[in-house]
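The values are calculated or read from the model by the stated rules, or taken from the named source; none is laboratory data. Because the structure is a prediction, the values reported are computed rather than measured. Cβ placement follows ideal geometry from the backbone for every residue including glycine, while neighbour counts extend to all protein chains displayed. Heavy atoms of the whole protein, side chains included, go into the accessibility calculation; ligands, DNA and RNA do not. Shrake-Rupley method; radii C 1.70, N 1.55, O 1.52, S 1.80 Å.
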Amino acid sequence: MRAAVVTAYDQPLEVVDRPVPEPADGEVLVRIQASGLCHTDIHAARGDWPVKPPLPFVPGHEGVGVVERLGGGVTHLAVGDRVAVPWLGYACGRCGYCVSGRETLCESQVNTGYGTDGGHAEYAIARASHVVPVPDGVSSLDAAPLTCAGVTTYKAVKVSGLRPAERAAIFGIGGLGHLALQYARIFGAETIAVDVTEDKLRLADDLGADHLVDAAKTDPVAAIKQLGGADVAVVLAASPTVLEQAHAALRRGGRLVLVSLPKENTMRLPIFETVLGGISVIGSIVGTREDLAEVFRLHSAGRTRVDVQVRKLDEINDAIEDVLAGRVTARVVFQP
Ligand code: ZN
Ligand code: ZN
């Protein structure tokens, strides 16, 4: 099978032939039909974060495909089922986090495309317990970005406690942001899309954003304050400066949700404004299997739209350069 492999953190990925892996007990072999490129894959491939993935490895945690073989003891799935293989590749199912519906906080979790080989290949091995069935109404091409970008932003909007008639600002419209915007609308909010590129603001406009703020031309804090301030700000741009702007754009009682992981690990948090304004700062990491099932149901019901750009797996290094240069408005999806 073809697979995109990271062999060194300072080298491009190598697309090579590898034997098709065998599923062990509790695992399934999935023939990948679509695999989305997430910014996390780029951080993983370059060893950007404190805990680096062991080399060599296949990145990708938006793999969607068909179950082709079952490992021992797998009874709840059948050959031919279509499934998604998300970032949360395994969680223990027994710890306090797992049993209280917070499996994404499990300390024993294994992450797809980081701790184990992921979806940027023709086949992937996954834990049968942690794949999520994809309903018929969702194409594999759409399901791929929903598997991380979708569930991550859906969860971020959920944990913000966003209520109808509140105002939500989405900082960074791209693979994640264009979905965050749609979820904020589903939750009933007045929405503000903030970005620095015209293409992305046009996409936000298409998707029904109530207000567009071009942060390259205007001060986003002043522009949002002019509208009365935001009750919720979801930040998807990987920059501490943007986080600080988002905090400053909140009105009293506002909630700042941190999703992106900039290389610089620190932001400045003004204590006085946070305390007097009763501001909450919330970290949100991907979503549970149930969150992903909800994301698929919403999509199947026609409530969301996914902006996808299809590429060949062989072009993965070019695709990474395009994402880093901001030349991709939406999500790159590989069809191996
Ligand atoms: Zn991701
Ligand atoms: Zn656990």
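Screening segment 217-248 for residues that are within 24 Å of the chain's Cα centre (by Cα) and assigned to a loop (DSSP other than H, G, I, E, B) and picking the one that is modelled with the highest pLDDT gives LEU236.
Per-residue answers, yes or no, for (1) near ligand 2 (Cβ under 10 Å from one of its atoms); (2) of a type in the set (Asp, Glu); (3) under 23 Å from the mean Cα position of the chain (by Cα); (4) closer than 24 Å to GLY150 by Cα:
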| site | (1), (2), (3), (4) |
| --- | --- |
| GLY60 | no, no, yes, yes |
| GLY63 | no, no, yes, yes |
| GLY72 | no, no, no, no |
| HIS76 | no, no, no, no |
| ALA84 | no, no, yes, yes |
| TRP87 | no, no, yes, yes |
| CYS92 | yes, no, yes, yes |
| TYR97 | yes, no, yes, yes |
| VAL110 | no, no, yes, yes |
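Note on segment 80-98: residues that are away from ligand 1 (no atom under 16 Å from the Cβ) and either surrounded by 12 or more Cβ atoms within 10 Å (Cβ to Cβ) or under 18 Å from ALA34 (Cβ atoms) (or both) amount to 11. All of (1) closer than 16 Å to GLY177 by Cβ; (2) touching a Pro at 6+ places or on another chain (Cβ under 7 Å); (3) at pLDDT below 95; (4) of a type outside the set (A, V, I, L, M) hold for GLY326 with one exception: (2).
Counting only strands (runs of 3 or more DSSP E) that sit wholly inside segment 1-60, those with at least 3 residues that are open to solvent by 10 Å² or more (accessible area, probe 1.4 Å) and either free of Cβ contacts under 8 Å to residues at least 60 places away in the same chain or closer than 23 Å to ASN265 by Cα (or both) are 14-17. Of all residues in segment 69-95, those that are touching a residue at least 60 places away in the same chain (Cβ under 8 Å) and in a loop (DSSP other than H, G, I, E, B) have Cβ atoms under 6 Å from Cβ atoms of residues that are open to solvent by less than 50 Å² (accessible area, probe 1.4 Å) and within 16 Å of ligand 1 (Cβ to nearest atom), 6 or more apart or on another chain, in TRP87/HIS61; TRP87/ASN111; TRP87/THR112; TRP87/CYS148; TRP87/VAL286. If we keep just the residues of segment 99-111 that are part of a loop (DSSP other than H, G, I, E, B) and in contact (Cβ under 8 Å) with a residue 60 or more places away in the chain, which is least open to solvent (accessible area, probe 1.4 Å)? Residue satisfying both the conditions and the ranking: GLY101.
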